[in-house]
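> Have a look at this one.
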Amino acid sequence: MNALVVVVVVVAILALIGLSLSVRIVTQYEQGVLFRLGRVLGVRQPGLTFIIPVVDVLRRVSLRIVTMPIQSQGIITRDNVSVDVSAVAYYRVVDAVKSVVAIENVAAAINQIAQTTLRKVVGQHSLDETLSETDRINVSIREILDVQTTEWGVVVTLVELKDIQLPESMKRAMARQAEAEREKRAKIIAAEGEALAADALGTASDIMMAHPLALQLRNLQSLVEIGVDKNTTVVFPAPLMSTIGELGTFLARETAEAASATAAATAAAPDPTANRTPVARQRTRTPPT
């Protein structure tokens, strides 16, 4: 009886051990590739799955997007400028069987091919293109990586240039270039302002020559602006007296012209009494009483 109990206990323990060895859990973001005696038997979806101990092997493959930094690469651009460029790539596994069977280590392979592709693509562009056309360079790198990684069951979703390090001499040269460009724009803007101001002053001078009163009003306005801060200094513009004389001459001329125009209008008007017929006045005598 005791021997039977021992056998039952041993069998139960072996069954528990075998059950623990045969139970596998695949998480939601994974897929399991099942090998039986070295051959791919199929893919196991997330959840609880059973395998035959010793005979079956279950390889779990993550389907999440992986962030892979690409270390800084020393690259010589097309115009012979040495730069250090680093980037970052994002990829994910879309075929679990290919990612296990077709290649030994997906992450290491993508890292190496991303470095070589980065050097190749950036080396085909000049420094200005590398700095200004990063979007086009990112798309080119991603397309090349997609062609290479399709056979591995991997899709590269995004590649971005992260940092571009320039030599110190090149930084100083670019700073001088940018400063010269800003000075050029400033001088052009100042010259355009001077041209517009000269044009406006010419128009104003023409108006003042046609209307002498405008110059006098401008002088008075200048005096008002000078005396805003309670200044005790009285400033008389140099042409003020001559302007006053010209103003008197102008007013006299305007008065004479107005008088002559009135006289001419009076002389040209017809006399209203010229066409009237004289009427004889008759005296009426009152007879004497």
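> So S132 clears everything in (1) over 18 Å from Q73 (Cβ atoms); (2) at pLDDT 90 or above; (3) within 26 Å of the chain's Cα centre (by Cα) except one condition, right? Which one?
Failed condition: (2).
Residues are listed down the side, and each one gets a yes or a no for (1) of a type in the set (S, T, N, Q); (2) assigned to a strand (DSSP E or B); (3) open to solvent by less than 60 Å² (accessible area, probe 1.4 Å):
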residue: V156; (1), (2), (3): no, yes, yes
residue: D163; (1), (2), (3): no, yes, no
residue: K171; (1), (2), (3): no, no, no
residue: A175; (1), (2), (3): no, no, yes
residue: I188; (1), (2), (3): no, no, no
residue: E194; (1), (2), (3): no, no, no
residue: L201; (1), (2), (3): no, no, no
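> A further question follows. For the subset of the stretch 119-151 comprising residues that are outside any helix (DSSP H, G or I) and open to solvent by less than 40 Å² (accessible area, probe 1.4 Å), which member is farthest from K171 (Cα to Cα)?
As a first pass, look at the stretch 119-151 and keep what is outside any helix (DSSP H, G or I): 124-126, 133.
Those left that are additionally open to solvent by less than 40 Å² (accessible area, probe 1.4 Å): 125-126.
Working: H125: 18, S126: 15 Å.
Filtering first and then ranking leaves H125.
> Here's something else I'd like to know. Among the residues in the stretch 186-204, are any hydroxyl-bearing (S, T, Y) and closer than 30 Å to S86 by Cα? Give the derivation first.
Of the stretch 186-204, the ones hydroxyl-bearing (S, T, Y) are 203.
Restricting the remaining residues to those that are closer than 30 Å to S86 by Cα gives none.
Checked the stretch 186-204: no residue is hydroxyl-bearing (S, T, Y) and closer than 30 Å to S86 by Cα.
> With V85, V66, V100 as the choices, which residue is open to solvent by less than 40 Å² (accessible area, probe 1.4 Å) and within 33 Å of the chain's Cα centre (by Cα)?
On the way: V66 fails: open to solvent by less than 40 Å² (accessible area, probe 1.4 Å); V100 fails: within 33 Å of the chain's Cα centre (by Cα).
So the residue among V85, V66, V100 that is open to solvent by less than 40 Å² (accessible area, probe 1.4 Å) and within 33 Å of the chain's Cα centre (by Cα) is V85.
The values are calculated or read from the model by the stated rules, or taken from the named source; none is laboratory data. Small disclaimer: the values here were computed from a predicted structure and weren't measured. All Cβ positions, even for glycine, are placed from backbone atoms using ideal geometry, and neighbour counts span all protein chains on display. Accessible surface areas use protein heavy atoms only, side chains included; no ligands, DNA or RNA. Shrake-Rupley method; radii C 1.70, N 1.55, O 1.52, S 1.80 Å.
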